[in-house]
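Notes follow the structure.
The values are calculated or read from the model by the stated rules, or taken from the named source; none is laboratory data. Worth saying up front: this structure is predicted, and the values here are computed from it rather than measured. Cβ placement follows ideal geometry from the backbone for every residue including glycine, while neighbour counts extend to all protein chains displayed. Quick note on the areas: whole protein, heavy atoms, side chains included, nothing else; ligands and nucleic acids left out. Shrake-Rupley method; radii C 1.70, N 1.55, O 1.52, S 1.80 Å.
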Amino acid sequence: MYYPQQSPGMSQKLPAHHDQSNVNVNPWNRQHLGVGVNPQSQPPPTSPGYTMYTNGAIMQHPHMPPMQHHHHQNSLGHYPSPPNLQQQSPVTQPISTHWQQQLMKYESSRASRSPHHRARASAMASRGVTKSAITITNPNKPSEDETPPSPSLALAMAINHPSSTVPPSAEPLMRPAAPRPENTWTSLDMGGISIKSIPPSSGLFSFTFLTCLYLNHNALTSVPPEISKLRHLELLDLSGNNLSSVPVELGMMTSLKELYLFDNNLTTIPAEYGTLHRLKTLGLEGNPIDAQLKGLIQKDGTPALISFLRDTCPMPLPPPPRPVVQITPIESGMETFKVTSYNILCERAATTKMYGYTPAWALAWDYRKTRIIQEVTETKADILCLQEVDIGQYEDFFSRQLSDQGYEGVYGAKSRYKTMQDSDRRQVDGSAIFFKRDRYQLVENHLIEFNTIAMQRQDFKKTDDMFNRVLGKDHIAVVCLLEDMITGSRIIVSNTHLHWDAAYSDVKLVQTALLMEEVEKIAHAFAKYPPPPPDTPSANEEEPKPPPPTYSDGTKIPIIVCGDYNSMPSSGVYDFLSSGSLPATHPDFLSHTYGIYTSDGVRHKLGLKSAYTMLGPGGLPEEIMPMTNLTPGFRGVIDYIWYSAGNLTLNSVVGEIDKVYLEKVVGFPNTHFPSESVLSSAAFVSN
């Protein structure tokens, strides 16, 4: 391969900041990357690394001047050919495709040494001028098999993922990610202009809209960590500088696809770069880089090196314990209970393909399940609501482990399990409710299958939208009717996991409305149950126990509604649950038709409030915890604990994760948090 027209930069050696002391020394007198070499007196012909070979000879364009090469002490692609290999055909000594691409990009980078080379080339191309010798391409153009930026969304697009019920071709849209700041330009070329330093306070780092940044062929000796503020960068070129190290904070820039560090003085790469799961090219040629790291790229490419860094990165320090936020003080003798809700991320969904930024060992179920149990039991909750619990793990692990901790469980799986063989059935996920058996007695439990209930509604049967959109989603909810064995007081607990896709906001609204209707029916029926008979007083009791409470209707019974609703506080689902009603014209219905829901609106009478929402300045609602789900492509609140404010008072909640810790976290799961979701826990007082 050769270029028809040689850039001026290619026939010149790089600036003298590299060590040139060994230019006249035959580098094959030593071993390199484990290859034994015999010195010879006659120096072998030079090998440009990627030029065409014919029986060992180098093919060059007849009008092309002799190519001179920058000889770096560890630049394998630009050493003279090893004496004992120079006569061998490249068929017996092949260069991997990964390394060919690396060398091509390396030479392209070296040819871009002139000031603002890429900006000028791009301007020429846009004006229709004859193209330069080096083709200007868009390295950020996504391929057809591009992995979505958020693993949780990629998972949901997969067939039979717990958050999906149809093949990905039918559900290509994703949950809204953090929006990229809008601007009329997204690339900045500052290459070849002799920049010696960039101060941490530079205004450059306020250009968060940038997707491409060229700082190549300057005189930089360091890069400030503040560069990590440019989270939307997809290409960063730091080639041809005097860098002996690069900031570990670059590992936070998970949008990067191309990172060029050619022709510097780097000997190693920070292990923290293992989080760059979307990186396609890490340009290291022209550096005295560690032989093991370079060998990984030469053989298997950048992804292999990133995986190695990810899985060998030392475990960071854990965050401090999450604080308990006191909301309302309690008085002595008041009846209190604690509820914990947690989407645990089921076993088969946690793969390195989808969570490429997480060490493989930290995704292993044996590791994660121990952390999950530790997290939920440390809350010392009376009631646990878990989502994404698959059948096999409920039967083999959670029911047994939590039984040893004094819990009894109720479980419901998504409807698809009914048509599967046993081996596949065990991988279907669902929701579980656990309660302390020494405090509560299970009166009843109900499994709510949203698509089944929708089929039974007369007003839905005439709508195509119900068949095309709601019926294919087999999400469920579990409802438990509990009775305190000492006081006789009752509580209704609901747990669900709604559909994930933002393009189906109407389906989530319908599922939520169906859930509220069913909970109201269950509550009214529960209110009619007779109270438990009073205990026979013992001779040692000084005063008889007060009689158990009675309930005139279902709204008088305390109600807890937990779950992963895949809906942010700005959604129609949140508005409906918090206000008790939603108009038929709400935009989240997406102009679809769902019987009375889209003719009269939806409403409920449960009087619910979110445990993590407080009134801030000006009476505006604020979330105590700014996010319950954290991945590189999404950070927001989608998990909730709702409670009936008419008969329950919120006492306290477990607060947010340490902000300093989060500043260094790409996403969950990680070594300290076993799910992409964050555990929520709240304590209540019965009025």
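Could you tell me what percent of the accessible area of segment 360-492 is made up of carbon and sulfur, with a 1.4 Å probe and every protein chain present?
Ligands and nucleic acids excluded, carbon and sulfur give 45 percent.
At 0.36 nm per residue, and after removing the present C-alpha to C-alpha distance, how many nm does the segment from Arg231 to Thr671 gain when stretched out fully?
156.2 nm
Among the lysines, select those whose C-alpha is under 27 Å from the C-alpha of Lys436, and discard any that sit fewer than 8 residues away in the same chain.
Cα-Cα hits under 27 Å: Lys338, Lys369, Lys380, Lys414, Lys521, Lys528, Lys545, Lys556, Lys609.
Length gain on complete extension for the stretch Tyr661 to Asn468, per 0.36 nm per residue less the alpha carbon to alpha carbon distance?
Difference between extended and current length: 65.1 nm.
In square angstrom, what is the accessible area per residue of segment 374-505 with a 1.4 angstrom probe?
Result: 39 Å² of accessible area for each residue.
Give me a comma-separated list of calculated 3J(HN,Hα) values for segment 515-532, in order, Karplus coefficients 6.51, -1.76, 1.60 applied at θ = phi - 60°, integers in Hz, x for any Gly or Pro.
Rounded to whole hertz, the list is 4, 4, 4, 5, 5, 4, 4, 4, 5, 5, 5, 5, 5, 7, 5, x, x, x.
Over segment 541-584, average the accessible area per residue using a 1.4 Å probe and give it in Å², no decimals.
Spelled out: the 1.4 Å probe surface of segment 541-584, per residue, equals 46 Å².
Given a Förster distance of 30 Å, report the FRET efficiency between Asp311 and Ser222 from their Cβ-Cβ distance, rounded to the nearest 0.05.
Computed FRET efficiency for Asp311 and Ser222: 0.60.
7 Å from Cα along Cα→Cβ at both Ile193 and Ser570: what's the point-to-point distance in nm?
3.5 nm
Using a Förster distance of 41 Å, how high is the FRET efficiency between Thr593 and Ala525, based on the Cβ-Cβ distance and rounded to 0.05?
0.85
Please go through segment 605-639 and write out the trypsin sites (Lys or Arg not before Pro) that DSSP classes as loop and that have at most 16 other C-beta atoms within 10 Å.
Qualifying residues, ordered by number: Lys605.
Can you tell me which of 673-680, 222-229 comes out highest on packing, and rank the rest after it, using the mean Cβ neighbours within 10 Å?
Packing order, densest peptide first, comes out as 673-680, 222-229.
What distance in nm separates the simple spin-label points at Ser201 and Gln405, each placed 7 Å from Cα in the Cβ direction?
In this crude label model, Ser201 to Gln405 measures out at 5.0 nm.
Using a 1.4 Å probe on the protein heavy atoms, what percent of the accessible area of segment 538-645 belongs to carbon and sulfur?
56 percent
How much length, in nm to one decimal, is gained on full extension between Ala125 and Ile330, taken as 0.36 nm per residue of separation minus their Cα-Cα distance?
Extra length from Ala125 to Ile330 when fully extended: 66.7 nm.
Which value in nm describes the separation of the simple spin-label points at Arg439 and Thr267, placed 7 Å from the Cα toward the beta carbon?
Going by the 7 Å Cα→Cβ label model, 5.8 nm.
Non-local amide H neighbours of Arg635 (under 5 Å, H modeled in plane, Pro and chain starts lacking H): which ones?
For Arg635, the qualifying residues are Ala178.
Assuming R0 = 22 Å, what is the FRET efficiency of Arg425 and Ala360, from their Cβ-Cβ distance, to the nearest 0.05?
About 0.25, to the nearest 0.05.
Which order do the peptides 341-347, 440-446, 613-619 come out in when sorted by mean C-beta neighbours inside 10 angstrom, highest first?
341-347, 440-446, 613-619
Packing-wise, with mean Cβ within 10 Å as the measure, how do 110-121, 233-244 rank, highest first?
Answer by packing, highest mean first, reads 233-244, 110-121.
Is the shape of segment 243-367 best called rounded, prolate or oblate, per the rule: a/c under 1.5 gives rounded, else a/b larger than b/c gives prolate, else oblate, with a ≥ b ≥ c the square roots of the Cα gyration tensor eigenvalues?
It comes out prolate by the Cα gyration axes.
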